[in-house]
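See structure below.
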């Protein structure tokens, strides 16, 4: 079974079951070595960078984002 298939099946669960599964998955990550944890985070950072680079036009200028955020807080 692929990770995509597991994910699809997990998302079919009710909210309580998904929360229980998420808790168990997070607990399993607490036992990683420091090196393994650093490797996983580095891979995730690289994946996010690549994802960001492929989504042309998805970013916003920081000034625009700050103005929008301030406007929502008023």
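Just so you know, all these numbers are worked out from the coordinates, no wet-lab data involved. Predicted model, so just to flag it, every value in this text is computed and none were measured.
Helix 62-73 and the longest principal axis of the Cα set of the chain meet at an angle near 80°. For percent of Cα pairs over 17 Å apart, computed directly from the structure shown, the correct entry in [x] 71; [y] 46; [z] 32 is [x]. Against the main long axis of the alpha-carbon atoms of the chain, helix 15-29 sits at an angle near 80°. Between the Cα long axis of helix 34-54 and the first principal axis of the chain there is an angle of about 50°, rounded to the nearest 10. The slack between residue 12 and residue 51, meaning 0.36 nm per residue of separation minus the straight C-alpha distance, is 11.5 nm.
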